[in-house]
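One structure below.
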Amino acid sequence: MKASDYLELLQDHIDITRVPFSDRGSRILLFSYPERSALFVKLAERLTNLDPGIEAYLHRAPYIQNLQLIDAEGRSLDFTTSVNPHTLTLLSEEGEVRVVFQDEHTLAFGLPANVTVGLRFRVFPQHWRSTNTGGQLLAVRNLVYRTNGDLVRNAITPLEGGYEVELIVRAARQTTITLGIHPNPVAEQPVRPFKELAAEARARWLAWFARVPEVDAKYVPTYAYAWWVMANNLISPLGNVMYEAMSPSKIGYVGLWLWDSALHALAYRHVDPELSRNQIRAMLAHQLPNGMLPDAIYDDGIVTTIDHPISGEVTKPPILAWAVLKLHESAPDLAFLREVYPALVRLNGWWVSMNDDDDDGLVQYNHPYSSGLDDSPLWDAGMPVESPDLNTYLCVQMGSLAVIAETLGYHNEGTMWRRRSAALVARMIEHFWDEQAGFFWVIKEHQPLKVVTPFNLYPLWTGQLPDAMREKLLAHLRNPALFFGRYMLPTVARSDPRYAPSTMWRGPVWANINYFFIEALRQVGEVEMANQLSERTLEMIMAHKGIYEFYNAETGEPPATAVSTFGWTAAVFIDLAIQASSDQSLSNPVPGGKALGTRH
């Protein structure tokens, strides 16, 4: 397909009443009100100097509200919208007003020629509130608006907490109004003809889609949207965000999250290996001296502790080395391996040395959010717990470190990592395995927590289990009373009394967990089942116009609480669609099978 074909496929696919019109790198999110002809702008920024709460940004009012088109007399104009990745078109009785991103800070409005029209909007450049001892008026962002047309009216009227702006312009050909939102004051600049700005916006998106690998036709509509998500959720460097990197969702998860970043790298490696590497660098840039990595990073903060549901240090599962190895296999770069290997070794060391209170060689979670499975019933009994999923991640991580070390010529270290990976598998079998039930149980205070989830099957991914043990785990996966079905894999077994198919990690299907199991199945030679799980995952995602955080395990529908434009679902869809469109999924194991000690 040509790059322009992807743009045509996405024409009017983006519903800006729910999903923002935005652009690569930008923190400006332009939405339409669902029931009236007006737009609003939110900022994909936490601004914790205004609201210190860790999720306060989710509830902050729009920065620009009630943005309307108006005629020469100041009357509001009704309009309909048409959306393309590079252009938003507002069609009114006075003609078309087109909107593009001039740059990451600036929206440009192209006015119809030879009419007198304008914009009216309310902007709230301060955050204000009363306190017990007085009040606060804090700066949010600077707004600069300009035009190259003839001004008819330019009025700024104060209102509570902000201002109403009315700008009416006598438009000639290529007349532009720009709205710039900046963290700092900016110098006056000429306003450029809209035709130039529109051409540049289109060229940016064409360049993005020009690098996309071909996939089978049945995947293409969702594939195009997934690649739009991968670009649209990128934010540029600012503050603690040291590299261009992807937020899981600009509307629901502002910032960078640890294991999300590893999964986002899976997709970016197909179009821009350096962008993929930067997802890893962005997280490693804030590694703590003891080797721990933060849970999340955002412009004006770093999350390493959280006080709910308990207070404690918080990170995310250790999968960066696994992602680094995948990236290297598709786009080799020895310099990058040398750059990140020491930090990955320190990360592994932190997990092993700082998270094993009883010195039994098994690593524990000390906070439920460190698992990434925030509300899983596995954690209902409290923390700390020793869990098969965490220790499997570490086994995979050490297997990946072995291959990285050997690639760099550190053969003794490679041997050491393989030995440690095998020893960890032996400890999991000794402590977690229940021969009668055929599960690896989570352990708390040396007692099993018999909640049935796919995470009790995770050691399959190591590729190092005895044949009989592996077959028991595979039998559970194939069992429709537990996990198998049209929509799979539920994150709690259907037979478990705690199963709730729409409640976050208590039952819904998550694409990233399916991806790990697809790899695990290929790793142990179960190619047919891996392909079946892959295809059902792709079909579940393709059944919807949007791309969501998780899906109901009974209906395949996204629950109301599932965030849209979700990054790792898009990344997993892309990677699986590329695999399914090649011969890779029909043969052997995953690339890097060697990493887990099964193929040398």
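When Ala201, Ala187, Ala207 are screened for being over 24 Å from the mean Cα position of the chain (by Cα) and either assigned by TED's automatic domain parsing to the domain that holds Leu77 or farther than 26 Å from His544 by Cβ (or both), only Ala187 passes.
For region 201-251, a tally of residues being part of a loop (DSSP other than H, G, I, E, B), under 21 Å from Arg27 (Cα atoms) and either in contact (Cβ under 8 Å) with a residue 60 or more places away in the chain or of a type in the set (A, V, I, L, M, F, W, C) (or both) returns 10. Restricting the search to helices (runs of 4 or more DSSP H) fully inside region 272-370 and requiring at least 2 residues that are within 30 Å of Arg141 (Cβ to Cβ) and not β-branched (Val, Ile, Thr) gives 273-284. For Pro190, the conditions (1) at pLDDT 95 or above; (2) outside any helix (DSSP H, G or I); (3) of a type outside the set (Lys, Arg) all hold with the exception of (1). Going by the conditions given, is Pro185 surrounded by fewer than 18 Cβ atoms within 10 Å (Cβ to Cβ) and part of a loop (DSSP other than H, G, I, E, B)? Yes. Residue selection: Ala426 satisfies the criterion of being small (Gly, Ala, Ser) and farther than 21 Å from Phe517 by Cβ. In the list Ala282, Ala262, Ala231, Ala245, which residue meets the criterion of being of a type outside the set (Phe, Trp, Tyr), more than 25 Å from His182 (Cβ to Cβ) and in the same structural domain as Ile547 (by TED's automatic domain parsing)? Sole residue among the options that is of a type outside the set (Phe, Trp, Tyr), more than 25 Å from His182 (Cβ to Cβ) and in the same structural domain as Ile547 (by TED's automatic domain parsing): Ala262.
Only one entry in Gly291, Gly255 is touching a Lys or Arg at 6+ places or on another chain (Cβ under 8 Å) and over 22 Å from Phe550 (Cβ atoms), namely Gly291. Residues of region 482-502 that are over 22 Å from the mean Cα position of the chain (by Cα) and among the aliphatic types (A, V, I, L, M): Leu482, Val492, Ala493, Ala500.
The residues of region 528-553 that are in contact with a Pro (Cβ under 6 Å, 6 or more places away or on another chain) and part of a loop (DSSP other than H, G, I, E, B), listed by number, are Phe550, Asn552, Ala553.
Taken over region 16-65, the residue count meeting the criterion of being surrounded by 22 or more Cβ atoms within 10 Å (Cβ to Cβ), β-branched (Val, Ile, Thr) and closer than 20 Å to Gly546 by Cβ is 1.
Just one residue in the set Asn366, Asn355 is touching a Phe, Trp or Tyr at 6+ places or on another chain (Cβ under 9 Å), of a type outside the set (Lys, Arg), surrounded by fewer than 22 Cβ atoms within 10 Å (Cβ to Cβ) and within 25 Å of Ala423 (Cβ to Cβ); that residue is Asn355.
Contact map, region 148-167: first residue touching a residue at least 60 places away in the same chain (Cβ under 8 Å), second residue part of a loop (DSSP other than H, G, I, E, B) and among the small types (Gly, Ala, Ser), Cβ cut-off under 8 Å, separation 6 or more or different chains; pairs are Val152/Ala72; Arg153/Gly74; Glu166/Gly74.
The values are calculated or read from the model by the stated rules, or taken from the named source; none is laboratory data. Quick caveat: nothing in here was measured; it's all calculated off a predicted structure. As a convention, Cβ positions derive from the backbone with ideal geometry for all residues, glycine included, and neighbour counts pool all protein chains shown.
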